[in-house]
Each structure stands twice: as C-alpha cells, then as structure tokens.
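S.K.: Below is a structure I'd like to ask you about.
The values are calculated or read from the model by the stated rules, or taken from the named source; none is laboratory data. What you see is a predicted model; the values in this text were computed from it and never measured. With ideal geometry, Cβ positions are generated from the backbone for all residues, glycine too; neighbour counts draw on all protein chains shown.
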Amino acid sequence: MNSKIKTNQIEYAIDRNNVKSRFKFLTIATSDKYIKHGSYILDAPALNNDVKSIVFDTGKKLFVMMTSDSNHRSTLKKIFSEIDDGSTLSVADTNVDELPDHILLQLLLNALPHNDTDTLGFKNLTGHFYYFNKSWIKPKAMQVPCLEFQFTKDSRIEMHVRTFTSELLKDQITFEKRSIAEYPRYVLCNDKTLRRRLSKEKKPGFILRQIDRRKTEITFLDIQNENKFDQSKIAMLESTIATFNHRYENIAHID
C-alpha cells in the first residue's frame with residue numbers, strides 16, 4: 001500500500017515561547033484499545049475551525065493543536081458524548097514544553113493552510129499531512145495517490161506514498177484488522193484534493209487503502225523537464241519545507 005524513503009537528517013529550530021503565544025495544546029487519551037474517532041475533531045462544527053491539527057502519538061493517545069484564544073475542553077467533552085466509545089476518552093491541557101520535537105514539528109506541519117496551485121495541493125487528513133499532484137488524478141478517478149510527510153524521533157523526514165481508493169472497489173481489497181465500516185470516508189473536491197465526507201452526503205467515498213497486489217509509485221527525482229520534476233518526491237519536499245518556513249517565520253525553521 002505504500003513505500004518510503006528517508007532523506008538526510010534535518011536541521012531545525014523551534015522557538016517554544018513564540019509557539020506558546022500563538023497556539024495551545026491538548027492531549028486526548030482512551031482507556032480502550034485505540035482511539036476510533038480521533039480525526040473527527042478536525043471536522044466538528046462546534047469547534048469553529050479552532051482545531052488546527054492533530055497527531056497520533058500512539059493508537060491510545062493523540063495531541064491537538066488549537067488557536068491560543070480557544071477554550072474548548074468542555075466542547076470536546078460534549079463531542080465525545082455524541083460519538084461511539086466517547087465515554088472512554090479523556091482530555092487534558094498540555095504544556096508545549098512537554099511535547100517532543102518531532103510531535104511539535106508534525107503538529108505545525110499538519111496545520112499548514114490548504115495549498116492550491118495549478119498542479120499541487122496539500123491537506124491535513126486523519127491527522128496526517130498529504131501532498132497531491134493534480135496530474136495524477138484523472139476524471140472519474142477511482143484512486144487518489146498522494147505523498148505523506150512525517151517527522152521521526154531521530155530528526156528525519158520520511159516520505160510515504162499513500163493511496164486512497166473508492167469504496168466502490170471494496171471487493172478488490174482484503175479487510176482483516178479493520179472492517180470497511182471503520183474507515184473514514186473522503187470525497188474528491190473540484191481542486192483534486194480530498195476532504196472528509198459529511199454525514200449527510202451519500203455518494204461513495206474514498207478510504208485510505210490500496211487494492212490488493214497493487215502498488216503506487218512516485219518518482220524520487222526526475223529532471224528531464226519542469227513538469228516531471230514537479231511530480232517528483234524531491235519537488236514536493238522542497239515546496240513543503242519552503243511553505244513551512246514562510247508560514248512559521250520566527251516560530252520554527254527547517255533546513
């Protein structure tokens with residue numbers, strides 16, 4: 001379903017005092033085996049877009065980054081009461097100094113605002129950061145490939161190829177650990193990126209799974225021409241880092 005490469009170890013700087021002045025952080029944990037609906041809080045209308053990003057630390061715990069002036073612990077508890085297994089969830093304030101560097105960098109990366117150019121776009125879905133190249137997505141597409149960027153504990157950026165597949169092709173996918181009903185559904189937007197399918201929407205959605213015995217490939221580097229370069233992993237990495245550094249000037253920087 002995916003492949004990955006590792007870049008050289010990154011150099012970075014984080015000003016935690018400036019981070020603290022702009023954002024606040026919460027930790028959500030479960031007493032169950034894993035959090036089943038953690039990514040739902042990104043889409044909950046009651047939060048009024050105050051949730052900027054989430055990152056799963058383990059299946060049992062996730063971190064939330066919110067605007068500094070938000071105060072939504074009570075709202076989150078109300079949301080928990082409305083979802084399955086919500087009674088197993090707890091929420092607590094978290095000091096930015098308690099967050100490991102790779103978690104904080106990932107929260108900041110995931111919170112980058114939606115990018116939209118003629119060829120490239122990225123979005124924060126299910127607590128992950130995905131980069132789309134629109135040339136990969138054909139009319140009436142049944143699969144949507146993308147590239148995920150993830151910071152690791154040893155200060156590297158991993159690039160994972162991911163594939164979202166239409167649930168109309170569910171008979172071509174083997175479901176063992178999770179049933180198809182447990183997967184979040186996404187719909188393809190006009191800008192050729194994905195968004196979470198709303199509860200009132202009935203059209204078939206996409207799930208984060210690849211068809212059995214099929215593999216999506218994305219070129220690491222191709223310098224034959226500008227178009228081919230733009231479709232490579234290196235071009236997307238370069239664009240992502242440049243956007244990150246511009247967005248978080250005086251807060252964080254990646255070299």
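S.K.: Across region 190-225, what is the total count of residues that are surrounded by 14 or more Cβ atoms within 10 Å (Cβ to Cβ) and in a loop (DSSP other than H, G, I, E, B)?
M.R.: 13
S.K.: Now a separate question. Pull up region 136-156, narrow it to residues that are surrounded by 14 or more Cβ atoms within 10 Å (Cβ to Cβ) and at pLDDT below 90, then point me to the one that is farthest from Ala111 (Cα to Cα).
M.R.: Among those that are surrounded by 14 or more Cβ atoms within 10 Å (Cβ to Cβ) and at pLDDT below 90, it is Ala141.
S.K.: Further question: For region 162-204, give me the residue count where each residue is aromatic (Phe, Trp, Tyr) and either more than 28 Å from Lys233 (Cβ to Cβ) or touching a helix residue (DSSP H, G or I) at 6+ places or on another chain (Cβ under 6 Å) (or both).
M.R.: 1
S.K.: Inside region 136-171, can you point out the residues that are among the β-branched types (Val, Ile, Thr) and farther than 22 Å from Tyr183 by Cα?
M.R.: Thr152, Ile157
S.K.: Count, please, the residues in region 128-156 that happen to be assigned to a strand (DSSP E or B) and acidic (Asp, Glu).
M.R.: Number satisfying all stated conditions: 1.
S.K.: Could I ask something else about it? Specify the residue that is surrounded by the fewest Cβ atoms within 10 Å (Cβ to Cβ); the eligible residues are those in region 157-189 that are modelled with pLDDT under 90, in a loop (DSSP other than H, G, I, E, B) and of a type outside the set (A, V, I, L, M, F, W, C).
M.R.: Among residues in region 157-189 that are modelled with pLDDT under 90, in a loop (DSSP other than H, G, I, E, B) and of a type outside the set (A, V, I, L, M, F, W, C), the one surrounded by the fewest Cβ atoms within 10 Å (Cβ to Cβ) is Lys177.
S.K.: Spot the failing condition for Val187; the list is (1) touching a Lys or Arg at 6+ places or on another chain (Cβ under 6 Å); (2) farther than 24 Å from Pro139 by Cβ; (3) without any contact (Cβ under 8 Å) to a residue 40 or more places away in the chain, and only one is missed.
M.R.: Unmet for Val187, out of (1) touching a Lys or Arg at 6+ places or on another chain (Cβ under 6 Å); (2) farther than 24 Å from Pro139 by Cβ; (3) without any contact (Cβ under 8 Å) to a residue 40 or more places away in the chain: (2).
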